[in-house]
Amino acid sequence: MPYTKDKPPLAETSEQLRARVPGWGTDLDPAERPAIPRERFDPDVTGAHWELPEQQPELRPRERSVEHARLTPVFGTAQPPRGLSGAVRRYAYERYSEGRLAHWLLLMLGDRIDATESRLRSYVSLRPDNLLTETGILGEFRRHGLRSRAGRVDRRHQVLDPLIVAGPTVLRAAGVALVVRSVRRRVRRRNSAN
């Protein structure tokens, strides 16, 4: 059973492993190991007063891998999944095993969507993100950023740095500009039709 205080049983006995794996068990003799007092398994020393830890209440549905029958006894609740990114993450956990590439690609997509949602949320707030200071562009000019790049090994990739840092923001700004432009055109058409 998972998450118990008992030591899990070995899949094979020591004799089976010694016969199958060359050199296995050379450190079985306690005299050969200086750390043996720390390696003794004594359930009374652990301080565990339970057979199975008390389950943390699940106030909101949490993502859980399809491989596990239940959630771990304790889990994080600081950033519950929300919005489109939360839906993508839930889909990744409900549909795909952790051993599948699709699971991890969907989780990465969820992270990118979450970053975009946060950025859009900051645009409509009273205190939007300061892109110049957050991306470190000013540091390139103030802290010898360009000069420090001269001796770097990854010089070929330096061309991509502005694209990676500023690219998403430029795309977002272009998207907002297109939306504003189309709204203005519709308003003009309505006004000219009236």
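The values are calculated or read from the model by the stated rules, or taken from the named source; none is laboratory data. Computed from a predicted model, the values in this text were never measured in an experiment. Using ideal geometry, Cβ is built from the backbone for each residue, glycine included, and neighbour counts are taken over all protein chains shown. With ligands, DNA and RNA removed, areas are computed over all heavy atoms of the protein, side chains included. Shrake-Rupley method; radii C 1.70, N 1.55, O 1.52, S 1.80 Å.
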Completion exercise
A convex hull over the alpha carbons of segment 143-192 yields, per residue, a volume in Å³ of 89 Å³
Problem - Gained length - Ala193 relative to Val21, 0.36 nm times residue gap less alpha-carbon distance - result: 53.4 nm
Problem - Nearest-0.05 FRET efficiency for Glu98 and Val165, computed from C-beta distance (R0 30 Å) - result: 0.45
Problem - Proximal charge balance of Gln56 [Cβ under 14 Å; K/R count +1, D/E count -1] - result: +2
Handout entry: Volume in Å³ per residue [convex hull over Cα atoms, computed for the chain]
Key = 331 Å³
Exercise for the section: In Å³ and rounded to a whole number, note down the convex hull volume per residue for the Cα atoms of segment 89-194. Expected result: 207 Å³
Handout entry: Potential lengthening between Arg184 and Ala69 on full extension [0.36 nm per residue; Cα-Cα distance subtracted]
Key = 36.0 nm
Fill in the blank from the handout: Reported to the nearest 10 Å², Ser192 has, with a 1.4 Å probe, an accessible area equal to 100 Å²
